[in-house]
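The values are calculated or read from the model by the stated rules, or taken from the named source; none is laboratory data. All figures in this text were calculated on a predicted structure; none of them were measured in a lab. For neighbour counting, all protein chains shown are included, and Cβ atoms are generated from backbone atoms with ideal geometry for every residue, glycine included.
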Amino acid sequence: MNHELGTPLSIERVAQMVGCSPWTVRQRLMPAGLPHFRSGANGKLIFYENQVKDWIVARQQHKGGKKL
């Protein structure tokens with residue numbers, strides 16, 4: 001496992017982290033650039049904890065007027 005990516009997370013866990021529903025993750029956050037990976041033939045979504053955290057921090061900094 002690549003520890004730089006962090007722990008693999010389900011869409012439900014990401015929704016908990018962000019404080020929204022899985023629908024919002026899929027319909028709003030993923031199109032806005034939330035990093036994710038589709039695995040296997042069934043296309044299961046996998047998110048990696050460190051990537052999700054980094055994405056959240058970058059969006060917070062951007063909204064605060066700081067440069068990325």
TODO: Provide a single number: the residues in region 1-15 that are in a strand (DSSP E or B) and surrounded by fewer than 16 Cβ atoms within 10 Å (Cβ to Cβ).
DONE: 1
Open item on the list: Restricting to region 28-44, name every residue that is surrounded by 11 or more Cβ atoms within 10 Å (Cβ to Cβ) and modelled with pLDDT of 95 or more.
Closed with: 28, 29, 30, 34, 35, 36
Task: Number of positions in region 16-29 that are closer than 19 Å to residue 58 by Cβ and in a helix (DSSP H, G or I) - done: 6
- [ ] For region 21-54, enumerate the residues that are polar (S, T, N, Q) and either over 13 Å from residue 8 (Cβ atoms) or in contact with a Ser or Thr (Cβ under 8 Å, 6 or more places away or on another chain) (or both).
- [x] 21, 24, 27, 42
Open item on the list: Going through 41, 32, 58 one at a time, which residue ends up being free of Cβ contacts under 8 Å to residues at least 60 places away in the same chain, aliphatic (A, V, I, L, M) and assigned to a helix (DSSP H, G or I)?
Closed with: 58
